[in-house]
Every structure is written in structure tokens, then in C-alpha cells.
Amino acid sequence: MLDGQPSSEIETIAITPGSFLGLTTLPAGALGAGIYCSGYSRAAVDTIGFNQVPCPAGNTITKGKQCDSCLARDEFAPIHRIHLGSRMNEAALAYVNLEHYLYIATFPDGTSKVGTASLHSNPRRLDDQAVAAATFVARADTGIIVRQLEDLVWQEANITQFKRASTKYKAWIDPASTERLKSEHYMAVENATWALEDAQDTVEGFDITADRWVPSLAMSRAYASLRAENPEPLTAYPTLTEGAHGFYISGGTGKFLTAHFGDPDQTFLINTAELSNRACRQHGELTPPASVQESLF
């Protein structure tokens, strides 16, 4: 923030295991407090991919992630409708023409979704999804083909394309049994594969695969909570949107961090998705853990 307004500069904060993070959400009425536009994506011209551009006006928003102006400028958003005829510039089309992958992801509550990842974003895309298990079920020649397959699996196998961050968080706090997760993931993958096999006569440019996704080592503490034997449960942490919070990071999954407040044996799951677009201030002080209820839900 600069004089109560976003500085239009992007700052990256390292949140590797062992690092410290201290944040205070600016309270209502404070200078600069509010929910701000996240800017827009612009296709890179010197490489294949997209760059994030801060909102030129530093606009506040009341819904969504972007102001109307940045939403209109966004060059990545049309990719979700490219198989329906959306227009994109040549730089963005270079990304669309990359090899893409279709995956089935199962969350700790046993629900599953179908999604896509590009050659550019794989496997990071699944690292960002906070999944319990995932399998790549198809490789497609282009982003257009993979989105046709995504719609097909959604319609024919009845596997949704969406999962809200709030329900993902609840799933990690109260996961299903390991056996149920294995069973649910197996059935979702089987149903998706059957739908893809039926589509091979009508859709060209893809191969059916069965490649399991492997979470990174930074996710080890989160996945310890899903072990069949001696699981290490994660404690729900109250909202980050009020007060000051300072903690040590032990790992994470998606937008959720595993962290402790000085006692490594007491691990909390912190939902950083709550801070999306919110004005915050960094600090360097370790804070005592906020009051934790037996059940937050």
C-alpha cells in the first residue's frame, strides 16, 4: 500500500516450510482497508504463458476478483470458453495450442471434480487444488480439445467441474476414511474413463491415460492427516480476516497452510483463501493461537 492505495507493484512472499508469516488484515475504517481488484492476465509475448498485471486504477470491488475494467482486459479468462468459440489473440492462442491434460481430483470428503492442466501448469495446477488424490485420465493435443473432454465427463459421468475453497477446507478438517477416499477416487476415475472411451469415435486428438499425481514434499504434513495408520489430524483455525496473526509454516496444500504458533506438535490448518484481494499489512511477531472452538462448523 502507498498512501492508502495499492502501489501497482506485485510482491512475492516465500512461504516455504520453516518460514515465518505475519499478517494483519486492515480493519474497516483504517486507511487503505477494503477488498481490491486483483488486476488482469496478459499473454506473454517473449514466451508462452501469462503475466499478472496489477489493476491500473487500484479499484475496490464488492464481488468477484476483478473490477469491470480489468475483467474486460483479461486475456486468460476467455480460455475457459475457447471450445465454445471465444476469441483470443495470437499470444494467448499459443498457450491454448499447448498439450493439455484432463484430471480427476478427489478431495478429503470423498467428493471429486474434473479439471484441466496445460503443459505449462502441470503439475502445479493440482498442487493448487488441495486434493487428496488425483489421476490424469487423458492427454489432449490442445486446450480446445481438453475442454471438450472436460464438458463431456461432466455431462456423461456426472462429475462436477467446481469445488469451493470453503468446502475444501472443511474436508481437510474432517476427512473421510482412507478406504472411502480410495474407493471414491477409483470410481470417479473409472466413470470418467468410460465416458472418454465412448468419445473416442467422435472426438479426435486425445489419448486416455492413467497417471497418478504425486504431491510435493512441501505437502507432507497436510497429507499426514489422511494416513490410514496413525493419522495426524489438523486443527481448524479461526478466520484470518480479523486481528493479527503470526505463525511458522510447516507445509500446505492448495491455499491452505499447515502452521504452528511455537509448538510444532500442535498443527493448525490456516485458510489463506480468506485473504484473497483483502488489504493486509505484514508484521514479524509470533502471536498466540487464536481461541479455537471444538467445532467451527
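A few points about this structure:
- Cross-chain or 6+ apart pairs with Cβ under 7 Å, segment 27-54 first and closer than 30 Å to GLU99 by Cα, then of a type in the set (Phe, Trp, Tyr) and part of a strand (DSSP E or B): SER41/PHE50; ARG42/PHE50; ALA43/PHE50; ALA44/PHE50; VAL53/TYR40
- Helices (runs of 4 or more DSSP H) completely within segment 116-232 that count 3 or more residues being over 30 Å from GLN266 (Cβ atoms) and of a type in the set (S, T, N, Q): 178-199
- Residue ID - nearest to HIS80 (Cα to Cα), chosen from residues in segment 102-139 that are buried (at least 23 other Cβ atoms within 10 Å of the Cβ) and in contact with a Gly (Cβ under 7 Å, 6 or more places away or on another chain): TYR103
- Test for ASN271: is it closer than 29 Å to LYS65 by Cβ, at pLDDT below 95 and not assigned by the TED database to the domain that holds ASP174: no
- Condition check for ASP174: more than 23 Å from ASP128 (Cα to Cα) and not small (Gly, Ala, Ser): no
- For segment 106-113, the criterion of a residue being more than 29 Å from LEU269 (Cβ to Cβ) and outside the structural domain of ILE10 (by the TED database) is satisfied by no position.
- Selection count, segment 256-266, where residues are in contact with a Lys or Arg (Cβ under 8 Å, 6 or more places away or on another chain) and more than 9 Å from MET219 (Cα to Cα): 1
- Lone qualifier among ILE61, ILE82, ILE13 - being at negative phi and modelled with pLDDT of 95 or more: ILE61
- Those residues of segment 24-76 which are over 16 Å from PRO6 (Cβ atoms) and either assigned to a strand (DSSP E or B) or among the acidic types (Asp, Glu) (or both), in sequence order: THR24, SER41, ARG42, ALA43, ASP46, PHE50, ASN51, ASP68, ASP74, GLU75
- Among the residues of segment 221-250, those identified as exposed (fewer than 15 other Cβ atoms within 10 Å of the Cβ) and within 20 Å of the chain's Cα centre (by Cα) are THR239, THR241.
The values are calculated or read from the model by the stated rules, or taken from the named source; none is laboratory data. Being a predicted model, the structure only gives us computed values, none of them experimental. Glycine gets a Cβ as well: all are built from the backbone with ideal geometry, and neighbour counts include every protein chain shown.
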